[in-house]
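Participant: I'd like to ask some things about the structure below.
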Amino acid sequence: MTRTLTPPRRRRTLRAVALTTLTAVVLSGGIAATTAQAAGSTLQAAATESGRYFGTAIAANKLSDSAYTTIANREFNMVTAENEMKLDATEPNQNQFNFTNGDRIVSWARSNGKQVRGHTLAWHSQQPGWMQNMSGSALRSAMLNHVTQVATHYRGQIHSWDVVNEAFADGSSGARRDSNLQRTGNDWIEAAFRAARAADPNAKLCYNDYNTDDWTHAKTQAVYNLVRDFKSRGVPIDCVGLQSHFNAQSPVPSNYQTTLSSFAALGVDVQITELDIEGSGSAQADNYRRVVQACLAVARCTGISVWGVRDTDSWRASGTPLLFDGNGNKKAAYTSTLDALNGGTTTPPPTGSCTVSVTRGQEWSDRFNVSLAVSGTSTWRVSIQTQGSQSLQNSWNATVSGSTGTLTATPNGNGNSFGITLYKNGNTSLPTATCSTT
């Protein structure tokens, strides 16, 4: 059944990460922090044991609520700003930026040893009025300027950016959402990711959407195809965010783990970014357990963020969808989540995960050059899939084995950038490449 749950405008939380000892440890996702809590006694401590984070959404206007901040500081190590980094909040007037509330959240997170998810740089919703009234090339330029200015302001302070949010339509078409951004050209998502990489090169860049939990849904497949295309062409994308808003009409699908693992197999991290599950008691607790266990079973599912601290803080408050009730008491869902984090299948994410870009170089009538650049580690192995009957003529700055089909490249002391020359043999398509650590 196609999900009909459409999130209204809402704000997101910046993530933070804490470790279970007093010594900071750098994990595969670049997460490091400290905590005095005993191992596994809080959500963040239990998640950290498997190299993951457990986060929440934070609203700036609630940072003066001591009950709210006590729970948030104790339990979560990743923070997403609910609304404070969205387009209408950060650029209320064209080229006049306001980072006051976003900075408040980042400051609170960093001062408490937490990391931050940036949400969101480009979105059809919550646009300021001036942007809603733009179109065409003027809107394209304004969108890219917004991405650049906001990502530059927070450069070096963000763990992961939701670069583009909710760009695909619901239903069975698998089509892009008809929005003013989409009407600037089908490559607008790619352009946003490239601008984000240039502005904040060390942050992970994510595509984020809802109703993408069921592997069989057309929307899920459309996002999968986008990510696969980006990876094949070297467009910078590091992660996919699944919002995962569930209720009785849109339950946790039986193939949820398949969705996580399928995206991960493309060479990107998977993050559950806005989890909430309406309900109560054992049924709600079991659904939370299922989500956590699915994430733990997929090595590149690097973290989970719930969309709010207490039920009363939720955009779906009447459905009591979170882990703490309105008084801040732990619910059965909290216990099942913590137990799953402590006792579930804990496949740690690969340390030193890496990405590789692929760029076409000089070309002749019978052959062409391909440049490849690895980021994320200096100990890598790159698998290069040639197209058709293409064959290797030459390589430089790496050791490359194989001649046709799949080539394997490893470092030879000349850094992370290398290249190959391929005979076309009737096929001019750019090869694809994936990177793994050694």
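The values are calculated or read from the model by the stated rules, or taken from the named source; none is laboratory data. All of these numbers come straight from a predicted model, not from anything done at the bench. Reconstructed Cβ throughout: ideal geometry from the backbone, glycine too, with neighbour counts over all protein chains shown. Protein only, heavy atoms only, side chains kept; ligands, DNA and RNA dropped before computing areas. Shrake-Rupley method; radii C 1.70, N 1.55, O 1.52, S 1.80 Å.
Participant: Which distance in Å, rounded to a whole number, links the C-alpha centroids of the range 286-333 and the range 72-103?
Facilitator: With the range 286-333 and the range 72-103 each reduced to a Cα centre, they are spaced 22 Å.
Participant: Under 25 Å Cα-Cα from residue 219, which lysines qualify once same-chain neighbours fewer than 8 residues away are excluded?
Facilitator: Of all the lysines, those that pass the test against residue 219 - Cα under 25 Å, at least 8 places apart if same chain - are 86, 204, 231.
Participant: Also, I was wondering about something else. When the chain is treated as a GNM, springs tying every alpha-carbon pair under 10 Å, which of 78, 134, 143 comes out with the largest mean-square fluctuation?
Facilitator: Maximum fluctuation in the GNM of the chain, among the listed residues, is at 134.
Participant: Explain nothing, just the number: dipole magnitude of the range 276-413 about its Cα centre with +1 on each Lys and Arg Cβ and -1 on each Asp and Glu Cβ, in debye rounded to the nearest 20.
Facilitator: 240 debye
Participant: Using Cα-Cα distances under 8 Å and only pairs 6 or more residues apart, what relative contact order does the range 355-437 have, in percent?
Facilitator: Numbers: 209 pairs, mean separation 32.6, N = 83.
Once divided by the residue count of the range 355-437, the mean separation gives 39 percent.
Participant: Alpha carbons only, please: Rg and Dmax for the range 213-267, in angstrom.
Facilitator: 12.0, 40
Participant: Working with all protein chains in place, sort 423, 288 by solvent-accessible area computed with a 1.4 Å probe, largest first. Intermediate values should be presented prior to the final figure.
Facilitator: On the way: 423 80, 288 0 Å².
I get 423, 288, largest accessible area first.
Participant: Could you compute how much accessible surface residue 290 exposes when probed at 1.4 Å, giving the result in Å² to the nearest 10?
Facilitator: Answer for residue 290: close to 80 Å² accessible.
Participant: For the chain, what does the helix formula give at 222 nm: sum of -39500 (n - 2.57) over DSSP H segments with n ≥ 4, over the residue count, nearest 500 deg cm²/dmol?
Facilitator: On the way: 11 runs with 119 residues, N = 438.
Value at 222 nm, helices only: -8000 deg cm²/dmol.
Participant: Moving on. Check the straight Cα-Cα distances from residue 62 and name the aspartates and glutamates below 13 Å, setting aside those fewer than 8 residues away within the same chain.
Facilitator: 82, 84, 313
Participant: Positive end of the dipole of the chain, charges at C-beta (+1 Lys, Arg; -1 Asp, Glu), about the Cα centre: which of 292, 377, 419 has its Cα farthest in that direction?
Facilitator: The listed residue farthest towards the positive side: 419.
Participant: List the residues, sorted by chain then number, that are 5 or more residues from residue 252 or on another chain and whose placed amide H is less than 5 Å from its amide H.
Facilitator: none
Participant: To make sure I understand the rule: partners must be aspartates and glutamates, Cα under 13 Å from the Cα of residue 424, and not fewer than 8 residues away in the same chain. Which ones qualify?
Facilitator: Straight-distance partners of residue 424: 363, 366.
Participant: Could you tell me the relative contact order of the chain? Use alpha-carbon pairs under 8 Å, at least six residues apart, and round to a whole percent. Provide the component values of the computation, followed by the final result.
Facilitator: Details: 1089 pairs, mean separation 57.9, N = 438.
Dividing the mean separation by the residue count of the chain yields 13 percent.
Participant: Turning to a different aspect of this structure: Who wins for biggest fluctuation among 187, 339, 200 in a Gaussian network model of the chain, springs between alpha carbons below 10 Å?
Facilitator: Per the Cα network of the chain with a 10 Å cutoff, 187 tops the list.
Participant: Of the listed values [x] 21.1; [y] 22.2; [z] 26.3, identify the label whose number matches Kirkwood radius over Cα pairs in Å calculated from this model.
Facilitator: [y]
Participant: Right, here's the next one. State the answer as a single residue: which of 123, 167, 186 lies farthest towards the positive end of the charge dipole of the chain, with beta carbon charges of +1 for Lys and Arg and -1 for Asp and Glu, about the Cα centre.
Facilitator: 186
Participant: Of 67, 399, 337, which is farthest towards the positive pole of the chain's charge dipole, taken about the Cα centre with +1 and -1 on the beta-carbons of Lys, Arg and Asp, Glu respectively?
Facilitator: Toward the positive end, the furthest listed residue is 399.
Participant: Size of the dipole of the chain about the Cα centre, Lys and Arg at +1 and Asp and Glu at -1 on the beta carbon, nothing else charged, in debye to 20? All intermediate terms of the calculation are to be shown ahead of the outcome.
Facilitator: Details: 37 positive and 31 negative charges, 98 e Å.
About 460 debye.
Participant: Then there is this: Using a 1.4 angstrom probe and counting only protein chains, how large is the accessible area of residue 429 in Å², to 10?
Facilitator: Looks like 50 Å² after rounding.
Participant: Could you check which residue among 243, 115, 132 shows the biggest mean-square fluctuation in a GNM of the chain with a 10 Å Cα cutoff?
Facilitator: Fluctuation is largest for 132.
Participant: Right, another one. Along the Cα→Cβ direction, 7 angstrom out, place labels at residue 233 and residue 359. What is the inter-label distance in nm?
Facilitator: Going by the 7 Å Cα→Cβ label model, 1.6 nm.
Participant: Something else now. How much of the accessible area of the range 355-437, in percent, comes from carbon and sulfur atoms when a 1.4 Å probe is used? Present the calculation step by step, with values, prior to reporting the outcome.
Facilitator: Details: 1570 of 3820 Å².
Of the solvent-accessible surface of the range 355-437, carbon and sulfur hold 41 percent.
Participant: Moving to a separate point now. Go through 152, 80 and list them by solvent-accessible area, largest first, probe radius 1.4 Å.
Facilitator: On the way: 152 70, 80 0 Å².
Ranking 152, 80 by accessible area, largest first, yields 152, 80.
Participant: To the nearest 10 Å², what's residue 315's accessible area with a 1.4 Å probe?
Facilitator: 60 Å²
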